[in-house]
1. Before rounding to the nearest 500, sum -39500 (n - 2.57) across all DSSP H runs of length at least 4 in chain D and divide by the residue total; then give [θ] at 222 nm in deg cm²/dmol.
2. May I ask you to evaluate 6.51 cos²θ - 1.76 cosθ + 1.60, the Karplus curve with θ = phi - 60°, for each residue of segment C:16-23 and list the ³J(HN,Hα) values in order in whole Hz, giving x for glycine and proline?
3. Shape verdict for segment C:91-140, please, from the Cα gyration tensor: rounded (a/c under 1.5), prolate (a/b greater than b/c) or oblate.
4. Among A:Thr5, A:Asn103, A:Thr22, whose Cα lies farthest out toward the positive end of the dipole of segment A:2-136, if unit charges sit on the beta carbon of Lys, Arg (+1) and Asp, Glu (-1)?
5. What nm distances, shortest first, do you get from the label point of C:Ser71 to those in the other copies when the point sits 7 angstrom along Cα to Cβ?
6. Report the semi-axes of the equivalent ellipsoid for segment E:2-136 in whole Å, largest first, where each axis is √(5λ) for an eigenvalue λ of the Cα gyration tensor.
7. Could you work out the pair-distance distribution P(r) of segment F:1-79 from its alpha-carbon pairs, with 10 angstrom bin width and percents rounded to whole numbers?
8. Tell me the carbon and sulfur percent of the accessible area for segment D:2-136, rounded to whole percent, probe radius 1.4 Å.
There are 6 protein chains.
Amino acid sequence: MVFLTRKAEFSASHYYHNPDFTPEENARIFGKCNNPNGHGHNYTLEVTVKGPVDPKSGFVVDLKQLKDVMSREVLDALDHRFLNKEVPEFLTKIPTTIPTTENLAIAIWQRLAPKLNRAQLHRVRVYETPDLFVDFYGEA
Amino acid sequence: MVFLTRKAEFSASHYYHNPDFTPEENARIFGKCNNPNGHGHNYTLEVTVKGPVDPKSGFVVDLKQLKDVMSREVLDALDHRFLNKEVPEFLTKIPTTIPTTENLAIAIWQRLAPKLNRAQLHRVRVYETPDLFVDFYGEA
Amino acid sequence: MVFLTRKAEFSASHYYHNPDFTPEENARIFGKCNNPNGHGHNYTLEVTVKGPVDPKSGFVVDLKQLKDVMSREVLDALDHRFLNKEVPEFLTKIPTTIPTTENLAIAIWQRLAPKLNRAQLHRVRVYETPDLFVDFYGEA
Amino acid sequence: MVFLTRKAEFSASHYYHNPDFTPEENARIFGKCNNPNGHGHNYTLEVTVKGPVDPKSGFVVDLKQLKDVMSREVLDALDHRFLNKEVPEFLTKIPTTIPTTENLAIAIWQRLAPKLNRAQLHRVRVYETPDLFVDFYGEA
Amino acid sequence: MVFLTRKAEFSASHYYHNPDFTPEENARIFGKCNNPNGHGHNYTLEVTVKGPVDPKSGFVVDLKQLKDVMSREVLDALDHRFLNKEVPEFLTKIPTTIPTTENLAIAIWQRLAPKLNRAQLHRVRVYETPDLFVDFYGEA
Amino acid sequence: MVFLTRKAEFSASHYYHNPDFTPEENARIFGKCNNPNGHGHNYTLEVTVKGPVDPKSGFVVDLKQLKDVMSREVLDALDHRFLNKEVPEFLTKIPTTIPTTENLAIAIWQRLAPKLNRAQLHRVRVYETPDLFVDFYGEA
C-alpha cells in the first residue's frame, strides 16, 4: 500500500458573502474577503491516491490518467474562473455555499472521487496561499 | 553601496481586455485571461533599494519605514482588489492600461519611487505565479 | 470534518546543554549546539486544527481568531527570544528541558490546546530548518 | 510520542522498461520514461521516525546517527547512480522491479527499517519532482 | 523597458568525461560525475527577455509564443534525454563539450536567441539543483 | 563569460545595539532586535563568481574548491555562532559594526574575495529570512 500525490496549480477569484447575514455580519466575519468584485489566488492542489503497486508497471496509478482526470474534472472547471459566478457548487443559491478553502477542498473531492476507478482517493489538499491550506479525507 | 530587497504578498484579481480590439482579437491575444469575471493570483512583490550603509545603524534603509511605505502605497491599494475595477491605473479609460504583470510592475514603481526619500529605488519585481515574473528598473 | 493548517514564522536562538551531563557528554551529544552563546533559526510553525465546516461561514475556524491566538500564545513569547533564557518552559531548572525541536513542538501544543475553544488542535509542526521538522499530535 | 523528519537529496537516473511487455506496451505505458539511455531527477527524500522524547537529551533520535544511517544505507548507494544498472533492487532480473517512485520508496524503507534501532521508522517520502511524491508506511 | 522571466523544468541525465584526460584526471576533476552510466537532475530553466511594453496588449512578449519557442527549441530536445548521448551539442566529438551547467546555459542561449524575433533574449539561467545555478547573458 | 552561483546555509544569532546611542535610540531604531540575549536566523548565502568557461573541464570554477573556500572562510566562522560575541568583524569595539544583513554581506565579501584565485567574485547575497536579503558587489 503506497500513497502517491500529484500537485497542480490553478488561478481563480472569489469573494465571501452570505445573503443570510446582515451587511455588518458579512463585513465583520469576512473582512476584506467580502469585497463583491472578488480577489484571487494561485491555488495549489495536491491529490493523494492510495493502493497497492502494480508489479508489472511499478505504478499505483497511471500518472497520465490521473493527470487527465485532474485536468478535466477540476482544472478545466476552476482555472481562470470567478468561483462565485462560474462554478456550480458556489453559484448563489439558498443556502449559499461560500467558496472558502474548506468548501473548495470538499468540492474537489466530490468531483474526483467517482472518477478514479483504480486507485482510491485518499486526500485532497488545497493551498489558498503558501501559509494556509486545508485537507479533506472524504469523512463527514 | 548595497542592495536590499524586501518581499511582500498580495492577492488580487484581474482580466485582460482592450476595447480597441475586436472580440476575436481579445480572445486570440488574451485567451483565458479575457474572461470578464476576472481570475486571480497571489502576487509576490520584491522591492529593491540601494545606497550606502549608515555606519551608525548598519542599515541601508530603515526596514520599518520601507515596510510602511510598501503597505501604504502598494498593498493597501492592491490587496484583495479587482485591479480593473478598483485600482486607478487600470480603470477602463481611453487608452486602456491592461493590468498585465508588466504594467503592474511599472505602476508599483511609480507609486514607490517618489516616497522613498533616503534610499533609492533600484528594482521592482512582481511574480504573477512562481513561474512568471517581471522586473522594472525605472528606465523608459 | 476538515483539517486547516496555518503557518507562521519566528526567529529565536537557543543552545543545548544538560547540567547533569559531564562537559564531555554535552560536547559529544550536542556538538556545535552546545555553544553557550547560542545560535539561531528562522522557525516555521504549522498549526493544524480540525472540525466540521460551519455551513453559514464556510469556515472550520475563524482565521482571525486562530491568528490572534497563535500570535498571543506563541509568537509574542518566542519571537526574537533566546529560548533558554527567556521562555519559561526552557529556563534552567532541575531537571532541565532542552529547547530541542521536539520539546518546542510539545511546548507550543501545550500553549495552544487550551486556548482553541471551537476547533480542536490536531497537530503542531515545527521546522527548525527547511530540512528538519517535528510533528506532535498531543499523544503521550 | 513525537515524529521527526529529516530531508536529504540525491541525484540519479533511471528508465522504465518491462521485458515482459511488447515494445508497443512499453511505449504506451511508460512514454518518454521508456528511453533506454535514461533520464534523471534530483530526488528529495524525507525520512520520518517516531518515538518518545528522551528527557535527558530532548531528542527522539540522535540526529547524527540518523544522518549517518541515511547516508550509508541510501545516499551512498543511490546518489549519482543509474538506478537500473547499479542498484541491486532494480537490476534487470525476472521479474523486473521498475525503478518508479513507488518502488524506490519501498526499497528505501527496506534499507532503513532494520538499521534504526532506537527510533521506529514511520514513513518514507520520496519526491521525484516537486510536483510528484510517494509515501510508504511499511504496510503491505 | 521591462524584463520578463519565464520558468520551465526538464529532467535529463549526464556525466562528465573528457577523453583527453587520463582516467586519473577524469576521476580527480569530475569525481562522482564521471560515472559513465550517468546520473540525473530536475533542471529548472529561467528565460529572461527584455523590451518595451506594447501599449495595446500590455505585453513585452506574447507569452504563448515564448512558451512555444522554449518547448520546441529546448524542452523537446533535452527533456527525458541523456545529454551526452542524445543532444548534438554534447555528443562525443573532438574536442568534447562537457554537459556542465555552464555549457548547458550557453547551448540553450544559442538555441533560443535566433528564434525570439520580437523581444530580445537577456539572460538564460539554469539550475542544476536548487543550490547551484549558472547565468549566461550571451557575452563572450 | 558565465556567472555561477552556489548556495549554502548557516545558523547564527545576533542582536543590534550601538553603544553610542541612548537606550531610547537603541529601542526606537532596533526594536525587538535590540534584545541583548540575541535571537537567530537560518541564513542563506549565495556566492556568485564569474569568468570564462574552461574548455577542457566545462567549468568556470572548480566546484569543490569553491565549496571548500566557502566552508573554511565563512561557514566555519559563522555557523552556530553568536555574531556579536564570536565573530571578529562584529565584536564590540569603537566604533561598533552592527551585524545587520548589510554588514554581514560586506564581511563575507571581504572574507571570500582574496581567496578565490581563478574565478572572480561577482556578488554576495545573504538572506536573513526568505523575505529579506542583501546583495553586495564589492563596490564602495
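The values are calculated or read from the model by the stated rules, or taken from the named source; none is laboratory data. All of these numbers come straight from a predicted model, not from anything done at the bench. Virtual Cβ from ideal backbone geometry, glycine too; neighbours counted across all protein chains shown. Accessible surface areas use protein heavy atoms only, side chains included; no ligands, DNA or RNA. Shrake-Rupley method; radii C 1.70, N 1.55, O 1.52, S 1.80 Å.
1. Details: 4 runs with 32 residues, N = 140.
Using -39500 (n - 2.57) per qualifying helix, the result is -6000 deg cm²/dmol.
2. Using θ = phi - 60°, the values come out as 10, 7, 10, x, 7, 8, 6, x Hz.
3. Working: a/c = 2.47, a/b = 1.27, b/c = 1.96.
Verdict is oblate for segment C:91-140.
4. A:Thr5
5. 0.9, 4.3, 4.4, 4.4, 4.5
6. On the way: eigenvalues 211, 34, 31 Å².
Working from the Cα gyration tensor, I get semi-axes of 32, 13, 13 Å.
7. Reading the bins upward from 0: 16, 30, 23, 18, 10, 3, 0.
8. Values: 2870 of 5570 Å².
Using a 1.4 Å probe with all protein chains present, segment D:2-136 comes out at 52 percent carbon and sulfur.
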